[in-house]
Amino acid sequence: MTRFAIASLLGVVTFAMTLWLGAISPKTIAHPIAGDGRDPIIAFEMVRSPADLTAVIGENRFQFADLRAKFDKVNQIDFIYLSFYGAFLAAFFMAVAQQRSDRRWLILSLVAVVAMLGDVRENMVLLTMTKGGGDVAAQIHALMLTTWIKWFGLGLISLGAAFAFFEDHSMPTFRLLGALVGVTAAAYTVAAYFDPFKYAEYMTLAIFVTWIMIVFYAYRVDRMTVSRES
């Protein structure tokens, strides 16, 4: 099994878990905000003030126990999910590095690991927040730091994937489309940092589409490699 085959397999598992987490995630926050189309999980990750926190998980852990339990369940399962997406992205750039005999691509494998570790810390903070108490300001500061380590890492990976696609002339149409999507995902990541209310959903969608393209590309390269060797 080639490294590209391993990456595509890990990507498929990641997609399956994405659908599962989407199915069990809360469908609304404690106090819905008009015009806020963000997924509740994303809204929780991007809390920036005590008022934001109250809007998402409610005033106290007794009145909103069921909602907080749903958030906790998703964030607990996310420890498994992040392991798969981290391995998927790291494996992809390891495969690219091997294929092109260029170890510089391994930097993006390292970025995938950093994003994954940011997600680990983010989950730990979110699980603390739903319990209530503690220094809320410190928790929000830690959440903002770790959340954006994760998202900027994933945005950088999308940009890296765009260059990987664009450098490969064997799929002319795909290289242009893939590059466009990857660059768009990176741009939306920056935009979402400055205006998460408006751009966060676009960011997550563009990053996910980039992941789909990574899986497609990895599968195609693997099939072409096997065909040549046979």
Among residues other than Glu201 whose Cβ falls under 9 Å from its Cβ, what is the net charge (Lys/Arg +1, Asp/Glu -1)? +1
Principal axes of segment 1-111: Cα extent on each, largest first, Å: 56, 25, 23
Per residue of segment 190-206, in order, report the coupling 6.51 cos²θ - 1.76 cosθ + 1.60 (Karplus, θ = phi - 60°) as ³J(HN,Hα) in whole Hz, putting x for Gly and Pro. 5, 4, 5, 4, 7, 9, x, 4, 8, 10, 4, 5, 5, 4, 5, 5, 5
For segment 190-230 and segment 82-134, distance of Cα centres in Å: 15
For Lys70, Lys150, which order do you get if you count the other beta carbons within 10 Å of each Cβ and list the fewest first? Lys70, Lys150
Do you know the relative contact order of the chain, to the nearest whole percent, from alpha carbon pairs under 8 angstrom that are 6+ apart? 23
Using +1 at the C-beta of Lys and Arg and -1 at the C-beta of Asp and Glu, which of Leu127, Val181, Ala164 has the Cα lying farthest in the positive direction of the dipole of segment 3-229? Ala164
With charges set only on the Cβ (+1 for Lys and Arg, -1 for Asp and Glu), what does the dipole of segment 80-230 come to about its Cα centre, in debye to the nearest 20? 220
Could you derive backbone 3J(HN,Hα) for segment 36-41 from the dihedral phi with the Karplus parameters 6.51, -1.76 and 1.60 (θ = phi - 60°), listing whole Hz in sequence and x where the residue is Gly or Pro? 8, x, 5, 4, x, 5
Which of Ala206, Ala112, Ala138 fluctuates most in a GNM of the chain (C-alpha springs under 10 Å)? That residue is Ala138
Please report, for the Cα atoms of segment 3-229, the Rg to one decimal and the Dmax as a whole number; what are they, in angstrom? 18.5, 62
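Where a number appears in this text, it was derived from the coordinates with a stated rule and is not lab data. Being a predicted model, the structure only gives us computed values, none of them experimental. Here Cβ is always computed from backbone atoms with ideal geometry, including for glycine, and neighbour counts include all displayed protein chains.
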